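Written below as structure tokens is the structure these notes are about.
The values are calculated or read from the model by the stated rules, or taken from the named source; none is laboratory data. Just so we're clear, the structure is a prediction, and the values are computed from it rather than from any experiment. Here the Cβ positions follow ideal geometry from the backbone for every residue, glycine too, while neighbour counts run over all protein chains shown. When the accessible area is computed, the model is the full protein with side chains, heavy atoms only, and any ligands, DNA or RNA have been set aside. Shrake-Rupley method; radii C 1.70, N 1.55, O 1.52, S 1.80 Å.
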4 protein chains.
Amino acid sequence: MIKVGIVGGTGYTGVELLRLLAQHPQVEVAAITSRSEAGLAVDELYPNLRGHYPGLAFTAPDAELLGRCDAVFFATPHGVAHALAGDLLERGTRVIDLSADFRLEDAEEWAQWYGQPHGAPALLEEAVYGLPEVNREAIRKARLIAVPGCYPTAVQLGLLPLLESGLIDIEHVIADCKSGVTGAGRGAKVGSLLAEASESMKAYGASGHRHLPEIRQGLGRAAKKPVGLTFVPHLTPMIRGIHATLFGRLTQEPGDLQALFEDRFKDEPAVDVMPAGSHPETRSVKGSDICRLAVHRPGGGDTVVVLSVIDNLVKGASGQAIQNLNLMFGFDEMAGLNAPALMP
Amino acid sequence: MIKVGIVGGTGYTGVELLRLLAQHPQVEVAAITSRSEAGLAVDELYPNLRGHYPGLAFTAPDAELLGRCDAVFFATPHGVAHALAGDLLERGTRVIDLSADFRLEDAEEWAQWYGQPHGAPALLEEAVYGLPEVNREAIRKARLIAVPGCYPTAVQLGLLPLLESGLIDIEHVIADCKSGVTGAGRGAKVGSLLAEASESMKAYGASGHRHLPEIRQGLGRAAKKPVGLTFVPHLTPMIRGIHATLFGRLTQEPGDLQALFEDRFKDEPAVDVMPAGSHPETRSVKGSDICRLAVHRPGGGDTVVVLSVIDNLVKGASGQAIQNLNLMFGFDEMAGLNAPALMP
Amino acid sequence: MIKVGIVGGTGYTGVELLRLLAQHPQVEVAAITSRSEAGLAVDELYPNLRGHYPGLAFTAPDAELLGRCDAVFFATPHGVAHALAGDLLERGTRVIDLSADFRLEDAEEWAQWYGQPHGAPALLEEAVYGLPEVNREAIRKARLIAVPGCYPTAVQLGLLPLLESGLIDIEHVIADCKSGVTGAGRGAKVGSLLAEASESMKAYGASGHRHLPEIRQGLGRAAKKPVGLTFVPHLTPMIRGIHATLFGRLTQEPGDLQALFEDRFKDEPAVDVMPAGSHPETRSVKGSDICRLAVHRPGGGDTVVVLSVIDNLVKGASGQAIQNLNLMFGFDEMAGLNAPALMP
Amino acid sequence: MIKVGIVGGTGYTGVELLRLLAQHPQVEVAAITSRSEAGLAVDELYPNLRGHYPGLAFTAPDAELLGRCDAVFFATPHGVAHALAGDLLERGTRVIDLSADFRLEDAEEWAQWYGQPHGAPALLEEAVYGLPEVNREAIRKARLIAVPGCYPTAVQLGLLPLLESGLIDIEHVIADCKSGVTGAGRGAKVGSLLAEASESMKAYGASGHRHLPEIRQGLGRAAKKPVGLTFVPHLTPMIRGIHATLFGRLTQEPGDLQALFEDRFKDEPAVDVMPAGSHPETRSVKGSDICRLAVHRPGGGDTVVVLSVIDNLVKGASGQAIQNLNLMFGFDEMAGLNAPALMP
């Protein structure tokens, strides 16, 4: 049994960590912090947790307290982990950061997209990008994990086999992504109101979104050279889920694409390549840590289409964070993550 | 480890049994039947189950096969359990019927509401109404369980304390109930299409609904005399959830209503009386076997209002069925039912 | 052609006025004010209006400008009309207030529910409660209209025939009401986010809601004595619509209830009594100024159930406001309000 | 005042014709047919129409009756207009077909995609493809109109400026389209149930959809040579709306793309090019005949992204059909189509 802490527990990734960890046989949540809600019992904010965390209340962030944990999750806006991670690492506490703070290896690029200097460039070298399907061994040994973003997870998993095998034109990759509204967080914004976002569909950030450099970096690592990516995210009237529709142009006869995908992920516990001809639905992963994929080649032409679905709060955030934790502490990789998706 | 079978597994209560039983440590699903889908793997119909039931496929109903199970769930339209339950009981298999077949103790009344003669009146006497909060001891010893309907569960749990204590006018009880569309089942009906049922709200069955006699019977048992009930169900644009708003007129000073409710349910693992002043949300029980209750006395007047929420597919059907199974086989009552609700 | 102004045009009732008035043959919108959005073109905030109001932009509130209008709508939070209405009336401009400022005849009661002193008690006597089905003649001559609230409109229209005819026990009337989220306005509140309010149902204000005194006042006028009302509003996962389910206990044989309702509303252009046995859907009035009603007497017992649906933004606010305007200026009562509801 | 008939009036495009025509000053609906619902009043099926079409009921199809109309709309499954259009044209009645029967100029290709021989090849030559933005003059003189499909409308309008100007690589055009569920019609299919389609997102027909040849044909006409198109439609949890996200690769410096789009559509009453940087929402056209467009060039690279939104039932079907009618009879092109979209 290890002790974990959660910094910034009032947002959606925070409560999702609590929901999932309630089923984890080897983890105890010892501390959860929130500046704004200090003193409030977690189940007053999230009644679904009533009975699961008796006595657990939000506290003000406290390095002492967090430093007594074996690992600490950051479910915070960017910048917070920059400020606190170094101190925790020195205390021997491992850090799993769900924010964007350590996702980009280039501090300059980070500063450009986030409009402020990088707050902990010295830690960048040891930070491990927590995508188990790519970095499993490094994760096992890591002290500091940058959990991938939701869009980056769905897009990378869908494109890895094509990029690693060099089958597509890497200068013109297209990712058309659709996300549920929890992707925008729990902040009270007019555009996220049910009255505004329901019964509607819209693109956003078509000329540039903060997940773009992270995706490009990941795709570039897989392709071993820079990848030209057009990424258009859309807001979709649902609570959870990301559907990434990925388009690549084949530069050679690809052979059996279905087999390529099945081989690439055959030992991956969190990736499910569906049968040929499938169209995965986001609801098939609602509440679960699975990414389901399908690959199509319409009309046998030179365009390959990959469909990739995840739950943005699970495989796209808190579930993947726990997968990382499990690897770091030698637990079963899917411990606490085995429940089937909620369907219907 | 016991073996269970599911008859009629293609509907929503069937797949919900599979979803929940996947997490049950002491139960193996040995057979699942469906006349229409025989031969199909369960995870082809329900991709959320991929990886959870390797090799499990629907088969045609087969008494031999089902008779080798320790218990069989019926997740079928009415009439089916009438035809098969007797044979299974003779083979020593316990029967947990999620349909309406054994809910009414009076075969005549059943025939009236369902428009056909009761198919197994001889079994009525031994059938136990599977509401653990009322019949726990009888359930432990039962061979044949009638799992309560979804509306009846939400309404009875909300009214039990008031009726058992004789505080309200039993001739004029009102239950205004709102249900998600899974309550109408997986049948393809125009009225259940997203295009018809979304962005709208409507009552139905205002002059009489099949759950009415079941609720009246249950309330009458609690009050120990006939109860006059007006029951108006509504179709609500959500997938899961029932919200019952219950109105009773006090016939005497009730004392501390909050304490009355807390006392009545203090040892109940599946009922959560929320703090005074609460308004439970259906999402706080989404996917979970919990019924959350709140009691109000607006303006200190003579009307008491109870708010009662359940997930119609869990506490209102498959979860409660498993709660019954657990009691019948001496397992922890909430085995397989411990995951927090999915929120947001 | 008359000129109208709108104060507080950025909220949902403001944009709804613009949507409806775009189709009104005798009205020109000459001014629209908003402190926060002054300078912004209306169609930048509401792109559905592109092409309909070329050149119209929000301006800071300006009594001079508004005073040049024939009528001014207040689509503001409470308190604003208190401050500005008197001045406009003196300038000869008629005032149609969609807020709660002039709905209660008793300034004390208003102060109690709104937590501040009434800001214009001297105007209360001349304010006319703008429910055309009750006050048509007074509205025609009025200078100052208090447009009824959304819940009050749905509840009063459903209960008028029963109260006016003295058929029900007026001490125990129950209104169980379900509203779409636009009822909560365009303010950015966490509880109104799609991620929070979708796929869920909850009651709120069970122990007291600001619409309660307004409803009680209206019902009391109809019954000619005080009415005891239990009012429980619910938040429903849809954008628009109110479904009021109303329960009354008959104190005598009521005769033909269907005929009673049809007679009461036979000349009302905005009320539609549906055929006996109907269950009106809120979507059947989406975007329209119609209130649809159905009356049931379940099991022929002593409880009467009325189902009443409106679009909270139209008959519950902006449409009704225009109905008042039409009456005040001698236009056809339904001018600008004739389009069928949007269904599906 | 002209008389029109509607064949197949019970589906969503049928009721949408009725909703829109109720506001048309120069059109009377003289007949509406439905084999399955003959005898039923239209407002029994669609209560939103109560009061708008007193006395109008569905009748069995009857060439005599329809032949007395000036124009007849077919809102039918494919094949029906094949069988009836010729006879009507001979009687001097103009035909506006909302089905796919006359959309493809090549009868062979039609037969291939629809799995049955083309039923009226002799009429193909005179059929005019009813996209006013391309064929306005031909439409004015036409006797037989093939109203474009919903996806084809959204995709063609978004790509016309790029194809007509020869700016993009026409061998690799991508259309990622998202549709509300009314696109699947009013048929009762399990996949269209709220319980299945809500809170989820999925692609379908990734390897081939019936709208593909129609879109290719239209794009090819604009480009004046064959266009290689990858078209992936998605089912989105909303009632109405199509969002097409279109990707083209620039083959030359394009100059001012915003100006290109504005110029192309400056005189088009049903197309709205939004300001540079915009992201149109489908709700901004809900219930309206407008197509809103925005053009982006992310990062100034060689990929151009066009965002195109329509209401699939209006500009994507019934509204566009009426636009055609207006042109054919010399009415204002937008008569009956002027109401702003319903937002929120």
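The lone criterion from (1) under 22 Å from D:Ala321 (Cα atoms); (2) within 14 Å of chain B (Cβ to nearest Cβ); (3) open to solvent by 10 Å² or more (accessible area, probe 1.4 Å); (4) not charged (D, E, K, R) left unmet by D:Ala188 is number (1).
For the range D:304-315, the count of residues that are touching a helix residue (DSSP H, G or I) at 6+ places or on another chain (Cβ under 9 Å), of a type in the set (Gly, Ala, Ser) and in contact (Cβ under 8 Å) with a residue 60 or more places away in the chain is nonzero.
Does the range C:20-40 contain any residue that is under 19 Å from the mean Cα position of the chain (by Cα) and of a type in the set (A, V, I, L, M, F, W, C)? There is at least one residue in the range C:20-40 that is under 19 Å from the mean Cα position of the chain (by Cα) and of a type in the set (A, V, I, L, M, F, W, C).
Which residue, of D:Gly55, D:Gly79, is more than 14 Å from chain C (Cβ to nearest Cβ), under 26 Å from C:Ala276 (Cβ atoms) and free of Cβ contacts under 8 Å to residues at least 60 places away in the same chain?
D:Gly55
Do you know which of the residues in the range C:307-319 that are more than 10 Å from chain B (Cβ to nearest Cβ) and not in a helix (DSSP H, G or I) is surrounded by the fewest Cβ atoms within 10 Å (Cβ to Cβ)? Among those that are more than 10 Å from chain B (Cβ to nearest Cβ) and not in a helix (DSSP H, G or I), it is C:Ser308.
Give the range D:105-152 a look and list any residue that's of a type in the set (S, T, N, Q) and assigned to a loop (DSSP other than H, G, I, E, B), or say none.
Residue satisfying the conditions is D:Gln116 alone.
When the range C:153-191 is filtered for residues that are under 21 Å from C:Thr282 (Cα atoms) and assigned to a loop (DSSP other than H, G, I, E, B), the ones remaining, listed by number, are C:Gly180, C:Gly185, C:Arg186.
Applying a threshold of 7 Å to beta carbon distances and a minimum spacing of six or more residues, or different chains, the list of pairs starting in the range C:283-298 at a residue that is within 10 Å of chain B (Cβ to nearest Cβ) and open to solvent by 10 Å² or more (accessible area, probe 1.4 Å) and ending at one that is assigned to a helix (DSSP H, G or I) and of a type in the set (A, V, I, L, M) reads C:Val295/C:Leu257; C:Arg297/C:Leu257. In the range B:269-282, the qualifying residues are those that are in a loop (DSSP other than H, G, I, E, B) and aliphatic (A, V, I, L, M), and the one that is least open to solvent (accessible area, probe 1.4 Å) is B:Ala270. Residue count for the range A:197-218, restricted to those that are modelled with pLDDT under 95 and of a type in the set (Ser, Thr, Tyr): 1.
Report yes if C:Asp302 is open to solvent by 10 Å² or more (accessible area, probe 1.4 Å), assigned by TED's automatic domain parsing to the domain that holds C:Pro237 and over 14 Å from the mean Cα position of the chain (by Cα), otherwise no. Yes; evaluated as a whole, the condition is true for this residue.
Run down B:Gln116, B:Gln156, B:Gln112 and say which single residue is without any contact (Cβ under 8 Å) to a residue 12 or more places away in the chain and out of contact with any strand residue (DSSP E or B) (no Cβ under 7 Å at 6 or more places or on another chain).
Of B:Gln116, B:Gln156, B:Gln112, the one residue that is without any contact (Cβ under 8 Å) to a residue 12 or more places away in the chain and out of contact with any strand residue (DSSP E or B) (no Cβ under 7 Å at 6 or more places or on another chain) is B:Gln112.
Per the conditions (1) in contact (Cβ under 8 Å) with a residue 40 or more places away in the chain; (2) more than 14 Å from chain A (Cβ to nearest Cβ), the sole criterion not satisfied by C:Ser179 is (2). Note on the range A:12-70: among residues that are polar (S, T, N, Q) and under 14 Å from B:Ala339 (Cα atoms), the one that is surrounded by the fewest Cβ atoms within 10 Å (Cβ to Cβ) is A:Gln23. One residue stands out in the range C:219-257 among those that are more than 30 Å from C:Gly287 (Cα to Cα) and basic (Lys, Arg): the one that is farthest from the other protein chains (Cβ to nearest Cβ), namely C:Lys224. Each residue in the range C:236-251 was checked for being touching a strand residue (DSSP E or B) at 6+ places or on another chain (Cβ under 9 Å) and open to solvent by 10 Å² or more (accessible area, probe 1.4 Å), and 3 of them qualify.
Residue-wise test of (1) open to solvent by 10 Å² or more (accessible area, probe 1.4 Å); (2) of a type in the set (A, V, I, L, M, F, W, C); (3) in a strand (DSSP E or B).
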{"position": "B:Thr230", "(1), (2), (3)": "yes, no, yes"}
{"position": "B:His234", "(1), (2), (3)": "no, no, yes"}
{"position": "B:Leu260", "(1), (2), (3)": "yes, yes, no"}
{"position": "B:Asp267", "(1), (2), (3)": "yes, no, no"}
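Checking each residue in the range C:21-37 for being in contact with a Pro (Cβ under 9 Å, 6 or more places away or on another chain) and either more than 21 Å from C:Val95 (Cα to Cα) or not charged (D, E, K, R) (or both) picks out C:Ala22, C:Gln23, C:Thr33, C:Ser34. Residues that are under 20 Å from the mean Cα position of the chain (by Cα), in contact (Cβ under 8 Å) with a residue 24 or more places away in the chain and not in a loop (DSSP other than H, G, I, E, B): does the range B:192-207 have at least one? Scanning the range B:192-207 turns up no residue that is under 20 Å from the mean Cα position of the chain (by Cα), in contact (Cβ under 8 Å) with a residue 24 or more places away in the chain and not in a loop (DSSP other than H, G, I, E, B).
When restricted to residues that are open to solvent by 60 Å² or more (accessible area, probe 1.4 Å) and touching a helix residue (DSSP H, G or I) at 6+ places or on another chain (Cβ under 9 Å), the range A:93-115 contains 5.
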